[in-house]
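Take a look at the structure below.
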C-alpha cells in the first residue's frame, strides 16, 4: 500500500484535473477510484503525435477518407461509455496510419483507432499518469494484426530472399523502387499459414470473437500476462481468406526458384567483391535450384487435378529437418519441397486473401473493406470493467455498416 500525506489539493495531469477530498493521504485503493477523463484523439496529450496522424496516407482524398472513418469509429466507441464510470486513469484515444498494402491484387490504405487506459499512481509524493498502458483497444481498418496473432496466423515465408535485398521478391522486380516496401510480392510471400480453425472461422464469418488465451487458463489478478480478444468485421458472405491449393503452392515455388536464378549470381558477385568467405556456401546453387525445380515439376506431373486442388498443408520445420538429414546446403535449399503434411500434428494449411472479396466495392484505397477489433487486457478489476463494458455496449452493427 502506498500512503502519501498531503493537504487538500487540485492535481492536473495533462488535461485532467482531479480534486482530492482528503487532507491525510492517498492509498492505492483511493487512487484506483479517482475519476478519470475520456480524451478524444483531438485531445491526445502529445501534439507532435497528433500532427502525424495521417502522414502515411499519400493523397488528399485518402487522408480525408481515413479522417472521416476514424472519426466515425471514435464516435461509436465513445457512445459505448455512456453511463460508464471511468475511474483510476484516463481513457485516451489517438489515430495512426500505416501506409498501404496489397490484399490479393487490391491496394488498400491501412490505418487504426486506438484507446488506452493510462492509470494513475503515486510516485515521490505526486499523483502521476502512467505513460505505459496494459489495457488497449485497437480498431484496425483494412488490416489483420498478424504481429499479435503470430502464434495462430502468420506469414511463414517472410519477405526477403537472402542476405542482400535485390528487390527480386517483388512481382514486378524490373520496375520496383527500393522505397516502395508495399509493392506486390510474388505469390509465395503472400500466403498465410493458420493452425487454429477457430480464428479462421472468426475471420471468415465475422461472427463471435477469438481470444488467444482460453478463459480457463487465465490467472486472476495478474498484470504480467496480456490477453487479446479479437472481433472481425466484414462485408457480405464471401470469405476473407481462402485456401491455397497444392497446385498454387507448387507453382509459387517454381516462381520463387526462378527468382533465385536471378538472385544468387547477384549475391555471389556482391560477396566476391567484398571478399566475403561466405561466398563458398553458394557454390552448388545451380545444381540445388535445378533439383528443387525438378522435384516440384515431378509432383505437378504425377498427380491428378483432385490431388492438386486439395489445400496445401506445409510444415517448414520438418522440411528444414529433412534438408539437414540429407546434408543439403542450407542457403541454397531454402523452400525445398518434400511433401504435404495432411492430418499431421504440426501441419499448417496455407491461405490467401480472397481476390473476389476485395474487388467488390473498392472505390478508394482508404475505403474500409474489413475491420479488426483487438482488445488487449489483463485480469485485474479495472481492465476487466473496461472489457466487459466494451463487449456489452459497443455498437458492432453500426461498425459493420461502414464496410458494406
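The values are calculated or read from the model by the stated rules, or taken from the named source; none is laboratory data. Because the structure is predicted, anything quoted here is derived from the model rather than measured. When we count neighbours, we look across all protein chains shown, and the Cβ atoms used for this are built from the backbone with ideal geometry, even at glycine.
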#### Entry: Verdict on residue 372 being in contact (Cβ under 8 Å) with a residue 40 or more places away in the chain, buried (at least 19 other Cβ atoms within 10 Å of the Cβ) and in contact with a strand residue (DSSP E or B) (Cβ under 7 Å, 6 or more places away or on another chain)
yes
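Is the range 216-227 home to any residue that is outside any helix (DSSP H, G or I), under 27 Å from residue 344 (Cβ atoms), at pLDDT 95 or above and in contact with a strand residue (DSSP E or B) (Cβ under 9 Å, 6 or more places away or on another chain)?
No, every residue in the range 216-227 fails to be outside any helix (DSSP H, G or I), under 27 Å from residue 344 (Cβ atoms), at pLDDT 95 or above and in contact with a strand residue (DSSP E or B) (Cβ under 9 Å, 6 or more places away or on another chain).
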### Task
All but one of (1) surrounded by 14 or more Cβ atoms within 10 Å (Cβ to Cβ); (2) touching a helix residue (DSSP H, G or I) at 6+ places or on another chain (Cβ under 9 Å); (3) more than 17 Å from residue 190 (Cα to Cα) hold for residue 161, so report the exception by its number.
(3)
### Query
For the range 25-42, which residues satisfy the criterion of being at pLDDT 95 or above and out of contact with any strand residue (DSSP E or B) (no Cβ under 7 Å at 6 or more places or on another chain)?
42
### Query
Only one of (1) in a helix (DSSP H, G or I); (2) surrounded by fewer than 18 Cβ atoms within 10 Å (Cβ to Cβ) is not met by residue 55, so which one is it?
(1)
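Test residue 113 against the stated conditions and say whether it is modelled with pLDDT of 95 or more, surrounded by 14 or more Cβ atoms within 10 Å (Cβ to Cβ), touching a helix residue (DSSP H, G or I) at 6+ places or on another chain (Cβ under 7 Å) and over 30 Å from residue 280 (Cβ atoms).
yes
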### Residues that are closer than 17 Å to residue 105 by Cβ and not in a loop (DSSP other than H, G, I, E, B), drawn from the range 151-195
170, 173, 175, 185, 187, 188, 189, 190, 192
### Message
Checking the conditions here, which among 359, 330 is outside the structural domain of residue 247 (by TED's automatic domain parsing) and surrounded by fewer than 17 Cβ atoms within 10 Å (Cβ to Cβ)?
### Response
359
